[in-house]
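Notes for the one structure printed next.
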Amino acid sequence: MSDAPLFDLPQAKQPPEITETLSADQKRTRRQRELLDVGYHPLTLVMSRPLRLHADAAPADDPKADGARCGGCRFRELRSYGVRSWPKCTIGGRESHGGGTDVRKWWPACVDFQPKADAQ
């Protein structure tokens with residue numbers, strides 16, 4: 001008697017390999033979060049030097065905690081381009097027409113933080 005099968009069985013299909021596909025915005029958000037985790041401001045990605053967080057900055061892992069945030073900084077302004085507006089840091093060299101320089105209100109403040117006049 002032979003050990004050979006009586007007929008050929010179809011090969012089991014291997015499940016497709018799951019790959020993570022992120023948009024450019026999602027990748028940038030991930031890099032910004034990684035910077036916050038190590039004590040750097042997210043705008044470091046577009047600058048030629050690292051931008052440290054302010055000594056009184058709010059914790060990066062809690063967007064509702066007390067502390068200095070970009071939303072309370074006098075340098076964060078809404079810039080209009082066409083019919084829309086984007087939040088930008090107006091300190092030289094930190095502003096572009098791209099999403100990489102949009103400044104989130106909840107971000108912990110950088111070392112250049114100055115409170116808005118109406119927040120004092």
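Here are the numbers for the structure shown:
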item	result
Selection from region 30-52 of residues that are in a loop (DSSP other than H, G, I, E, B) and touching a Lys or Arg at 6+ places or on another chain (Cβ under 9 Å)	Gly39, His41, Met47, Leu51
Single residue of Leu78, Leu22 found to be in contact with a Pro (Cβ under 8 Å, 6 or more places away or on another chain), surrounded by fewer than 17 Cβ atoms within 10 Å (Cβ to Cβ) and not in a helix (DSSP H, G or I)	Leu78
Tabulated pairs, region 33-44, first over 13 Å from Ala57 (Cα atoms), second among the hydroxyl-bearing types (Ser, Thr, Tyr) and surrounded by 12 or more Cβ atoms within 10 Å (Cβ to Cβ), C-beta under 8 angstrom, 6+ apart or interchain	Leu35/Thr44; Leu43/Thr101
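Only the coordinates and a few stated rules stand behind these numbers; no lab work does. Since the model is a prediction, treat every value here as computed from it, not as a measurement. Backbone-built Cβ (ideal geometry, glycine too); neighbour counts: all protein chains shown.
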